[in-house]
Amino acid sequence: MSKKFNPQDYPIIFSTPLRIAPHFWAGHIPFAMFLVDILRPKVFVELGTYYGVSYCAFCQAVKELKLDTRCYGLDTWYGDGITWGYDKNEVFDDLSKHHDPLYGSFSRLIRSTFDDALDSFQDGEIDLLHIDGFHPYDAVKHDFETWLPKMSQRGVILFHDINVREKDYGVWKLWSEISPRYLHFDVFHEHGLGVLAAGTEVPELLRELLLEPDEQSKLDIRRFFFEMGNTWKPLFDAAWVEYKAVEENKRLKADLQKIQSEIEIMQSSRTYRFANRLRSILNTTLPQGSTMRRLAAKLFRTTL
Ligand SMILES: C[S@@+](CC[C@H](N)C(=O)[O-])C[C@H]1O[C@@H](n2cnc3c(N)ncnc32)[C@H](O)[C@@H]1O
């Protein structure tokens, strides 16, 4: 471990996360809380909040460190091409129920597109920005370019998913283009998190991390936060299992409803009612075990 970095100087790293929900991010919680401690931002904004696992980790750190930070979580809560198809209100309501009583005094969930919310922030106002919205190259580049002017001179931007190469994910590509132009630090676990010092006045403690000259120390820091992030994984994995079970239950209920209404339509049809009537006439008129009864059963493909 680097001489400069001693985890015991930052007890917030060891806080137990309070927001346990489906996520793509939980492995970064100790690192995020550490960043809040060393950066002490005045204004924090997150682009892409979803169930709020990352957002609430930042808010929790702000609250436990008793900082004077205003926080804003932005999302349409409509999903996108990747985190898509989730129930618009269910996720938002679930998050609000957790978030409002704990963090409502300094934090707001803003239901908006990122573009529409731009005018609600002044240029040079944001000290910490977490970009975790739509992940294709063009989308994340757009988010970076449009929000960059909002960053203060001591501003830091975090990019989630810098280490995902699958499908349409393009954050890794943007990261490879822009990170060499700034002081930065990469974390590779949990899809990767890039830390970029966007302004000229890099906060002192962050500067030490970003300028850490010793490669081995960097590896140790990454491994430390990887292990720390894993501590809470079982809690979050259980949340995923519960989420998937609830979704499967919803799907089965919807299937059942569809089948029931198809049966109702079928039962109310003339053909069905005629066939039923005919069956009951044959049942009462044709003697049990008679050849006529067997023939009728065969003809109408039924049991009599
Ligand atoms: C990967 S999820 C965020 C995950 C979250 N940070 C966590 O901790 O799990 C991305 C979210 O960004 C939102 N999103 C994507 N593009 C957006 C846009 N242009 N405006 C507003 N919300 C957007 C989606 O609705 C989705 O909920």
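Taken together, the values in this text are just the output of simple stated rules run on the coordinates, not laboratory data. On a predicted model such as this, the values are computed, not experimentally measured, just so you know. Reconstructed Cβ throughout: ideal geometry from the backbone, glycine too, with neighbour counts over all protein chains shown.
A few points about this structure:
- The calculated FRET efficiency for the pair GLU64 and GLU208, based on their C-beta separation and a Förster distance of 22 Å, comes to about 0.45.
- Applying the criteria of a DSSP loop state and at most 12 other Cβ atoms within 10 Å to the trypsin sites (Lys or Arg not before Pro) of region 237-304 yields ARG301.
- Global form of region 7-231, assessed from the alpha-carbon gyration tensor, a/c cut-off 1.5: rounded
- Neighbour-count order for THR113, THR271, fewest beta carbons within 10 angstrom listed first: THR271, THR113
- Measuring max minus min along each principal axis, the C-alpha atoms of region 95-213 give extents of 42, 38, 27 Å (largest first).
- In terms of surrounding Cβ atoms within a 10 Å radius of their Cβ, MET228, MET33 rank from fewest to most as MET228, MET33.
- The Cα-based radius of gyration of region 242-300, divided by its Kirkwood radius, gives an Rg/Rh of 1.34.
- Shape metrics for region 142-278, restricted to C-alpha atoms - Rg then Dmax, Å: 26.8, 90
- Degrees between helix 270-285 axis and first principal axis of the chain (Cα, 0 to 90, nearest 10): 40 degrees
- If R0 is 45 Å, the Cβ-Cβ spacing of ASP93 and SER217 corresponds to a FRET efficiency of close to 0.55.
- Placing a pseudo-label 7 Å from each Cα along the Cα-to-Cβ vector at GLU125 and GLU262 gives an inter-label distance of 5.4 nm.
- Averaging the sequence gap over all C-alpha pairs within less than 8 Å and six or more residues apart, then dividing by the number of residues, gives region 4-103 a relative contact order of 27 percent.
- At most 12 other Cβ within 10 Å, DSSP loop - chymotrypsin sites (Phe, Trp or Tyr not before Pro), region 141-188: PHE188
- Note: relative contact order over the chain, using C-alpha pairs below 8 Å and six or more positions apart, is 19 percent.
- Within region 45-136, chymotrypsin sites (Phe, Trp or Tyr not before Pro) in DSSP loop having at most 10 other beta-carbon neighbours inside 10 Å: TRP84
- Crossing angle, helix 215-231 versus the chain [Cα axis fit, 0-90 degrees, rounded to tens]: 40 degrees
- Degrees separating the helix 29-39 axis from the principal Cα axis of the chain, which is the longest one: 30 degrees
- The distance between label points at LYS244 and LYS4 comes to 4.2 nm (points 7 Å beyond Cα on the Cα→Cβ vector).
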